[in-house]
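Each remark here refers to the structure printed beneath this line.
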Amino acid sequence: MAKSNKSDKTQPGKSGKEAPVSPAASPGPGDRGPSIDIGISPADRKKIAEGLSRFLADSYTLYLKTHNFHWNVTGPMFNSLHVMFETQYNEQWTALDEIAERIRALGFNAPGSYAEFVRLSSIPEEPGLTDAADWREMVRQLVVGNEAVCRTARKVLDQADDVDDAPTEDLLTQRLQTHEKYAWMLRSLLQ
């Protein structure tokens with residue numbers, strides 16, 4: 001199951017090409033121990049794990065962008081944005097672990113490399129210090145990024161709801177509340 005095949009689900013990548021989204025099952029076919037039987041079929045667990053993998057990639061990309069902007073913000077809003085971005089990226093860092101652990105609890109490996117995150121994420125990377133945006137553009141990008149995380153969360157939440165996966169629903173509901181609040185707070189700085 002670790003290798004993708006033509007029947008794997010795909011998602012458009014940044015290049016516009018279809019990128020396979022198929023997390024490896026864990027435990028694998030040769031592993032010892034009981035199989036997973038949590039009341040959700042293997043196919044439904046896989047579908048939710050795929051969605052959570054995209055959600056984790058979006059969340060990780062937003063975390064990196066927020067941390068980058070914390071380091072590189074300048075201008076008259078420096079102090080307040082520096083503190084706000086730090087608060088947000090620290091909270092996001094903790095949430096990444098919860099998302100990855102939910103994927104593992106469903107019986108699949110969580111993505112964990114930059115290459116996987118870039119392939120799975122709907123949020124574009126920030127080019128970095130040489131092309132650092134001004135504070136208004138940083139805030140605008142973080143509004144857009146938080147909203148993208150919300151959209152991805154809603155898609156997975158619908159999948160989890162369809163199969164009564166309450167732990168995933170709870171996790172995503174909490175993340176939606178946080179990211180909607182972040183988007184609102186950041187947007188208010190631009191009004």
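The values are calculated or read from the model by the stated rules, or taken from the named source; none is laboratory data. For clarity, every value in this text was computed on a predicted model and none was experimentally measured. The area values use the complete protein model at the heavy-atom level, side chains included, leaving out ligands, DNA and RNA. Shrake-Rupley method; radii C 1.70, N 1.55, O 1.52, S 1.80 Å.
Can you sort V144, V139 by 1.4 Å-probe accessible area, starting with the largest?
On the way: V144 70, V139 0 Å².
Correct descending sequence by accessible area is V144, V139.
Along the range 139-153, what does the Karplus equation 6.51 cos²θ - 1.76 cosθ + 1.60 (θ = phi - 60°) give for ³J(HN,Hα), rounded to whole Hz, x for Gly and Pro?
4, 4, 5, 6, 4, 4, x, 4, 5, 5, 4, 4, 4, 5, 4
Given H placed 1.01 Å from N in the peptide plane, which residues other than close sequence neighbours of F108 have an amide H under 5 Å from its amide H?
S26
What accessible area per residue comes out for the range 76-124, rounded to a whole number of Å², with a 1.4 Å probe?
For the range 76-124, the solvent-accessible area averages 51 Å² per residue.
So what are the ³J(HN,Hα) numbers for the range 174-190, from phi and the Karplus equation (6.51, -1.76, 1.60; θ = phi - 60°), rounded to whole Hz, Gly and Pro as x?
Once θ is set to phi - 60°, the couplings for the range 174-190 become 5, 5, 4, 4, 5, 6, 5, 5, 4, 4, 4, 4, 5, 4, 4, 6, 9 Hz.
Per residue of the range 92-98, in order, report the coupling 6.51 cos²θ - 1.76 cosθ + 1.60 (Karplus, θ = phi - 60°) as ³J(HN,Hα) in whole Hz, putting x for Gly and Pro.
Ordered by residue, 3J(HN,Hα) equals 5, 4, 5, 5, 4, 5, 5 Hz.
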